[in-house]
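**Q** Handing you a structure now.
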Amino acid sequence: NATRGWIYIRHEYPEQIAKCREEIARAVSLGACGRNIFGSNRSFELDVFASPGGYICGEQTALIEAMEDKRAEPRNRPPELMTNGLWDQPTLLSNVETFAWAPAILKDDGQWFAAQGVKEGPLTAGSSERMKGKRLFSISGDLNKPGVYEVPTGTTLGDLIDNHCEGMKDGKGIAAVALSGPSGGLMPPKIPVKYLNKRFVDKNVPEGVTEIDIRDLPLDINVSRAVGYMLGAGIVVYGEGCNVLAEAVANSQFYRNESCGKCVPCRLGSHKITEMGERLLAGDVGQAELETFEPVAMQLSEVMQATSICGLGQVASMPLQTFLKFFPELAREACRNKP
């Protein structure tokens, strides 16, 4: 019974804001939106809200605060948005893709959506932990044809790269992949099985296999959770020759700079983890000190994940933490000139 809605878009995207408003006006002219939809007594007014900016606005409650003309900082919860959201009214907040699929799913209990295809891959054969339908993925980096692609769930990263992005640029191999933008950190081209969920490994990975190819990872959120990696809608692929440490530090700096500073774990933790990365990149860390870096980063990460108010603080340590975990040889290389 909602009667108002907004599409929230960052102000840096004027073309998208204008296009959405144009399409809303077209929907109103068709009678599909606005007053008395298709001649019924149902009304739904839709508009675009141009974000005042700030990565923190990607957090649900900070987004609501910005819409209420307040400082964009996360709220303490509860209460949740479904009872006390925008202007203290019950509010549903999700990405446009989810809302776009909802009518089709509701129409026939999701049968048509589910039939859109679920691909089986080397790590999902026999797995019951599957999503259905399709997903949109924005994939960028060292690719011949980066872009936004709609693919069946379970499509592997390798399929997406080869069949949609037309392969790696200049035929390079993969140096690292950010499967959820910087939020999930940096994954190596070969992932040691010891870092994956044991229950999933016992069920899906043949005995004796010590590592899996990142190209075989299925683009399926439920499977990603079972395996133990983070999957988002934005994927970045880094080709061989890139400076993986520099990318990890740049991502850490981004989170430090975008932290709203409301909670101490994120405000101080993001600064500390970035400082560690900057020292390592500058060659200011010796081999002896490097041995302490991963345990300190892991401990700091655990504290930030457990005590930060919102998701930004919970993932701010991931770029450097995953670099130290998955790229130890590159970390040691950064310390080669200092004992």
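**Q** Please work out the FRET efficiency for the pair Leu93 and Ala250, using the Cβ-Cβ distance as r and a Förster radius of 25 Å; give the result to the nearest 0.05. Write out the running numbers ahead of the final one.
**A** Working: r = 29 Å, r/R0 = 1.18.
After rounding to 0.05, the efficiency reads 0.25.
**Q** Taking 0.36 nm per intervening residue step and subtracting the Cα-Cα distance, what contour gain separates Glu294 from Asp109 on full extension?
**A** Values: separation 185, 0.36 × 185 = 66.60 nm, distance 4.72 nm.
That works out to 61.9 nm of additional length.
**Q** Enumerate the amide H contacts of Leu217 below 5 Å, restricted to partners 5 or more residues apart or on another chain; note that Pro and chain-start residues carry no placed amide H.
**A** Leu157, Gly158
**Q** Whole-Hz Karplus ³J(HN,Hα) for region 15-27, in order, using 6.51 cos²θ - 1.76 cosθ + 1.60 and θ = phi - 60°, x for Gly and Pro?
**A** Result, ordered by residue: 5, 5, 4, 5, 5, 5, 5, 5, 6, 4, 4, 5, 5 Hz.
**Q** Sticking with this structure for a sec: Taking the structure as given and computing volume of the Cα convex hull per residue in Å³, which label from (1) 162; (2) 143; (3) 233 fits?
**A** (1)
**Q** Turning to a different aspect of this structure: With θ set to phi - 60° and the Karplus curve 6.51 cos²θ - 1.76 cosθ + 1.60, what are the ³J(HN,Hα) couplings of region 110-117 in order, to the nearest whole Hz, using x for Gly and Pro?
**A** Result, rounded to whole Hz: x, 5, 5, 4, 4, 6, 5, x.
**Q** Moving to a separate point now. Any chance you could give the angle, 0 to 90 degrees and rounded to 10, that helix 287-307 forms with the longest Cα principal axis of the chain?
**A** Taking Cα atoms only, the helix is inclined about 20 degrees.
**Q** Another question, then. Please give the contour-minus-distance gain from Asn84 to Leu136: 0.36 nm per residue of separation, less the Cα-Cα distance, rounded to one decimal in nm. Walk me through the numbers before you get to the answer.
**A** Values: separation 52, 0.36 × 52 = 18.72 nm, distance 2.98 nm.
Fully extending the segment from Asn84 to Leu136 adds 15.7 nm.
**Q** Sticking with this one: Taking the Cα atoms only, what angle lies between the long axis of helix 244-258 and the longest principal axis of the chain, rounded to 10 degrees?
**A** Once rounded, one gets 50 degrees.
**Q** Can you list, bin by bin at 5 Å, the percent of alpha carbon pairs in region 63-202, starting at 0?
**A** 2, 7, 12, 14, 15, 15, 14, 12, 7, 2, 0
**Q** Here is a further query. For Ala176, what residues show an amide H to amide H distance below 5 Å, using hydrogens built from the backbone and excluding near sequence neighbours?
**A** Amide H neighbours of Ala176: Tyr238.
**Q** Next question. Please work out the average accessible area per residue across region 158-309, using the 1.4 Å probe convention, and give it in Å². Mind dumping the intermediate values first?
**A** Working: 6940 Å² over 152 residues.
Roughly 46 Å² per residue, with all protein chains present.
**Q** Per DSSP H run of n ≥ 4, the term is -39500 (n - 2.57); total these for the chain, divide by its residue number, and report the mean residue ellipticity at 222 nm rounded to 500 deg cm²/dmol. Each step should come with its number before you reach the end.
**A** Numbers: 12 runs with 129 residues, N = 339.
It lands at -11500 deg cm²/dmol.
**Q** Let me ask another. When you count, for each residue, the other Cβ atoms within 10 Å and take the mean per peptide, how do 231-242, 309-320 rank with the highest first? Display every interim value, and only then the final one.
**A** Values: 231-242: 17.9, 309-320: 25.0.
Answer by packing, highest mean first, reads 309-320, 231-242.
**Q** For Ile191, what is the net charge nearby, where nearby means another residue's Cβ is under 9 Å from its Cβ and Lys, Arg count +1, Asp, Glu -1?
**A** Computed value for this residue: -1.
**Q** Taking 25 Å as R0, compute the FRET efficiency from the Cβ-Cβ separation of Lys203 and Gln116 and round it to 0.05. Mind showing how you got there, number by number?
**A** Details: r = 26 Å, r/R0 = 1.03.
The formula returns an efficiency of 0.45 here.
The values are calculated or read from the model by the stated rules, or taken from the named source; none is laboratory data. Every value quoted in this text rests on a predicted model; they were computed, and no experiment measured them. As a convention, Cβ positions derive from the backbone with ideal geometry for all residues, glycine included, and neighbour counts pool all protein chains shown. These area figures cover heavy atoms from the full protein model, side chains too; ligands, DNA and RNA do not enter into them. Shrake-Rupley method; radii C 1.70, N 1.55, O 1.52, S 1.80 Å.
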